[in-house]
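Here's the structure, in structure tokens; my notes come after.
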Amino acid sequence: MKSLSAYVKKGLFLKPVVEEGSDVIFIVDYEGNILYCNNAIKDLGYKDSFIIGKNFFDFIEPSILFDFKKNFKQCTQRRYSEAVEFQFKSKDKTYAFFEFNSINLKQKDGLDGLILDCRDISQRKKDAEELLRAQKAKELFLANISHEIRTPINGIAGMADLLSQNPSAEDQTLYLKAIKTAAENLKVIINDILDLASIESGKLKFEKINFNLDKTIKSLVDTFRLQSQERGIKLHYSKDSTIPNVYVGDPVRLNQILINLISNALKFTHQGSISVTVTLDKIVNKDYFLKFEIKDTGIGIPKSKLKTIFESFSQADASVTRKYGGTGLGLTIVRQLVQLQHGTIKVMSEENQGSVFTVIVPYKQGIANEQSSKSKAGSNKSLQLQNASILLVEDNDINRLYAGSILKMWSCKFDTAENGEVALEKFKNSHFDLILMDIQMPVMDGFETTKAIRKWANEKSKVPIVALTANATQKDIDRCLAIGMDDCLTKPFTQEDLLKILDKFLGEKFHVIESVELKNANHTSDKIDFSYLEKVSGNNKDFIREIADAFIKSIPNSIEELDKHTENENWIELARVAHKIKPSITLLGVHNLKDKIVKLEDEAKLHKNPWQISKLSKEVSAELKETLESLKVQISFYS
């Protein structure tokens with residue numbers, strides 16, 4: 001070995017080049033004894049004087065030592081070797097990931113040794129592990145999302161099939177409600193994905209409008225009230241009465257944050273309570289840092305999972321997704337919505353004891369009399385587009401029927417086209433105040449059609465064009481606007497979504513009339529609100545009279561059954577009768593009575609308080625009799 005030591009001392013391996021290099025360079029003999037290392041060894045906490053004379057194998061991670069020695073021996077038998085991975089112990093006892101390329105001095109200089117050029121690949125390993133973890137998480141997400149999407153689609157298809165088999169009126173109501181629920185679930189899943197895409201692309205915008213904090217949250221909590229009652233969960237809401245009520249911010253995004261957190265609390269709480277509290281955390285430069293706490297007595301979150309529950313495509317456990325459903329995106333969206341508003345979110349939880357999510361968001365104080373006038377105007381008015389002319393361009397029959405039915409319900413003048421070529425022809429020959437334009441269509445798509453319309457050299461070419469598109473990413477929306485469209489309405493859209501678009505572009509053409517609900521509010525003797533029946537029947541008088549006659553004939557027997565089961569304290573049968581009456585009351589728009597019947601059914605099912613059930617049943621019976629008499633009078637004058 002003296003000859004090898006001499007080789008090192010003479011610097012025949014280009015010592016000046018390697019001494020200050022970033023890679024760790026070793027020269028070792030075939031037994032692993034270290035004869036040289038360069039200055040890069042200091043990155044591992046060692047001095048070269050400490051390393052030289054030690055055995056290389058003593059620094060290798062014990063679990064891989066056997067395989068490493070086999071690879072090392074193979075290196076002694078080759079001229080060159082590449083990318084041999086190993087873990088080398090640092091001075092702090094941790095192991096860093098390295099790989100070496102080796103040059104065999106035996107082949108070149110007849111010496112029993114190797115030059116090892118060792119590169120730190122710890123970051124690369126970390127990145128690879130993170131990528132693998134992300135890939136597995138996304139694979140799990142895709143499996144979950146596939147299940148989540150198929151479930152409501154199967155429900156919609158199944159209920160639609162049942163509806164085609166001429167079910168009873170009660171079953172029709174039940175099936176339609178199931179279809180609507182499934183469609184809403186499907187929309188939530190899609191919106192979660194789109195919201196995350198918008199957030200991550202940096203395209204999400206926040207409104208700055210005045211909103212009433214107490215009313216906003218009370219209304220939101222009330223939407224969860226029935227669901228919590230059905231599950232036997234107490235839902236509480238409280239707000240510090242000493243803090244202001246009106247703030248400037250985005251109430252829709254606040255709702256989105258709280259909906260996710262309350263939904264999660266309900267999903268994972270099987271007994272006990274959920275509380276939503278609002279307090280003031282601090283005031284800084286006129287910013288009110290409001291603290292929202294959502295506390296539950298649910299299953300809790302394992303300590304090991306608390307750090308990952310805000311990550312994309314992540315739930316505390318895969319079994320949680322299978323049992324409770326969900327995309328695993330809700331909390332990711334919540335965290336990002338909070339952070340984008342310069343707020344914070346944290347969670348405290350203990351398994352089987354419950355969780356507390358705390359959100360703090362800064363808002364400026366608002367002015368009470370400047371709250372959105374649109375919401376006030378919309379509360380007691382219904383809008384009918386009696387003067388506007390709209391061209392609906394849509395190749396899908398069902399989508400065309402859906403949008404057309406809404407426009408027809410609003411007494412709007414509209415025409416339809418199944419592709420861009422037909423639309424262009426109708427545009428040239430007629431006047432339209434607005435065009436609803438599908439994007440993906442045969443013959444001529446929405447982009448080509450819009451370009452053709454914009455080239456038209458007269459005032460008609462300035463008609464507002466609103467894209468109807470299922471491609472709802474910001475990139476798709478930007479393309480629609482760049483091509484010459486004025487706005488986008490993403491599918492699936494609700495009546496309210498369409499109304500906002502029409503209001504935006506055709507507000508001056510709206511003919512505002514008092515709704516039937518408002519008229520009835522001015523006549524306390526009128527207990528029936530026919531607006532729902534008018535809406536679903538297209539104001540078909542014969543249909544409405546037929547429904548009313550059926551109610552007049554059937555309700556006396558129902559009243560008799562209510563009274564009998566109340567007297568006999570047969571609460572299960574009482575709940576059944578209440579359930580049977582409920583759809584008819586809903587159809588006729590007897591709003592106050594409907595709430596009482598829902599409560600009666602719930603109380604009777606639980607049958608915990610006989611006195612309360614009996615009292616409520618007698619009130620329902622009395623009001624049903626009044627409703628019956630009122631209906632007889634109203635229907636006789638209805639025309």
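The values are calculated or read from the model by the stated rules, or taken from the named source; none is laboratory data. On a predicted model such as this, the values are computed, not experimentally measured, just so you know. A quick note on method: Cβ atoms are made from the backbone with ideal geometry, for glycine too, and the neighbour counts reach across all protein chains shown.
Regarding the range 585-604, can at least one residue be identified that is surrounded by 17 or more Cβ atoms within 10 Å (Cβ to Cβ), out of contact with any strand residue (DSSP E or B) (no Cβ under 9 Å at 6 or more places or on another chain), among the aliphatic types (A, V, I, L, M) and farther than 21 Å from PHE551 by Cα? Yes. All of SER411, SER461, SER405 fail the test of being over 35 Å from the mean Cα position of the chain (by Cα) and not in a strand (DSSP E or B), apart from SER461.
Filtering the range 606-622 to residues that are of a type outside the set (Gly, Ala, Ser) and buried (at least 17 other Cβ atoms within 10 Å of the Cβ) leaves ILE613, LEU616, VAL620. Of all the listed residues (LYS527, LYS491), the sole one being at pLDDT below 70, surrounded by 15 or more Cβ atoms within 10 Å (Cβ to Cβ) and not hydroxyl-bearing (Ser, Thr, Tyr) is LYS527. Look at (1) among the acidic types (Asp, Glu); (2) without any contact (Cβ under 8 Å) to a residue 24 or more places away in the chain; (3) crowded, with 18+ Cβ neighbours inside 10 Å and you find that ASP296 fails only one, number (2).
Can you tell me which residue in the range 112-136 is nearest to PHE57 (Cα to Cα), limited to those that are of a type in the set (A, V, I, L, M) and surrounded by fewer than 18 Cβ atoms within 10 Å (Cβ to Cβ)?
ILE121
Name every residue in the range 574-606 that is of a type in the set (D, E, K, R) and free of Cβ contacts under 8 Å to residues at least 60 places away in the same chain, in order of residue number. The answer is ARG576, LYS582, LYS594, ASP595, LYS596, LYS599, GLU601, GLU603, LYS605. For the range 503-513, state whether one or more residues are surrounded by 14 or more Cβ atoms within 10 Å (Cβ to Cβ), at pLDDT 85 or above and either farther than 30 Å from ILE635 by Cβ or not hydroxyl-bearing (Ser, Thr, Tyr) (or both). Looking through the range 503-513, at least one residue is surrounded by 14 or more Cβ atoms within 10 Å (Cβ to Cβ), at pLDDT 85 or above and either farther than 30 Å from ILE635 by Cβ or not hydroxyl-bearing (Ser, Thr, Tyr) (or both).
Residue-by-condition table, conditions (1) modelled with pLDDT under 85; (2) in contact with a Gly (Cβ under 8 Å, 6 or more places away or on another chain):
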{"position": "ALA183", "(1), (2)": "yes, no"}
{"position": "LYS208", "(1), (2)": "no, yes"}
{"position": "TYR237", "(1), (2)": "no, no"}
{"position": "ASP250", "(1), (2)": "no, no"}
{"position": "LEU261", "(1), (2)": "no, no"}
{"position": "LEU266", "(1), (2)": "no, no"}
{"position": "VAL278", "(1), (2)": "no, no"}
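Filtering the range 576-619 down to residues that are outside any helix (DSSP H, G or I) and touching a helix residue (DSSP H, G or I) at 6+ places or on another chain (Cβ under 9 Å), which residue is modelled with the lowest pLDDT? Here the answer is GLY589. Close Cβ contacts (under 8 Å, 6 or more residues apart or on different chains) running from residues in the range 182-197 that are farther than 11 Å from ILE156 by Cα to residues that are of a type in the set (Val, Ile, Thr) and at pLDDT 70 or above comprise ILE189/ILE149; ASP192/ILE333; LEU194/THR490; ASP195/ILE333; LEU196/THR332; LEU196/ILE333. All conditions but one from (1) at pLDDT 65 or above; (2) on the phi < 0 side of the Ramachandran plot; (3) among the polar types (S, T, N, Q) apply to SER537; the one that does not is (1).
Evaluated against (1) closer than 25 Å to ALA96 by Cβ; (2) modelled with pLDDT of 80 or more, SER168 falls short on exactly one condition, (1).
One line per residue, one yes/no per condition, for (1) outside the structural domain of LYS500 (by TED's automatic domain parsing); (2) in a helix (DSSP H, G or I); (3) not aromatic (Phe, Trp, Tyr):
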position: ALA452; (1), (2), (3): no, yes, yes
position: TRP456; (1), (2), (3): no, no, no
position: ALA467; (1), (2), (3): no, no, yes
position: ASP478; (1), (2), (3): no, yes, yes
position: ALA482; (1), (2), (3): no, yes, yes
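The residue that is nearest to SER22 (Cα to Cα), counting only those in the range 69-109 that are of a type in the set (A, V, I, L, M, F, W, C), crowded, with 17+ Cβ neighbours inside 10 Å and within 47 Å of the chain's Cα centre (by Cα), is PHE98. If you go through the range 83-111 and keep only what is in contact (Cβ under 8 Å) with a residue 12 or more places away in the chain and among the hydroxyl-bearing types (Ser, Thr, Tyr), you end up with SER90, TYR95, SER102.
I'm trying to understand the selection: among the residues of the range 28-73, which are small (Gly, Ala, Ser) and in a helix (DSSP H, G or I)?
Listed by number, the residues that qualify are ALA40, SER49, SER63.
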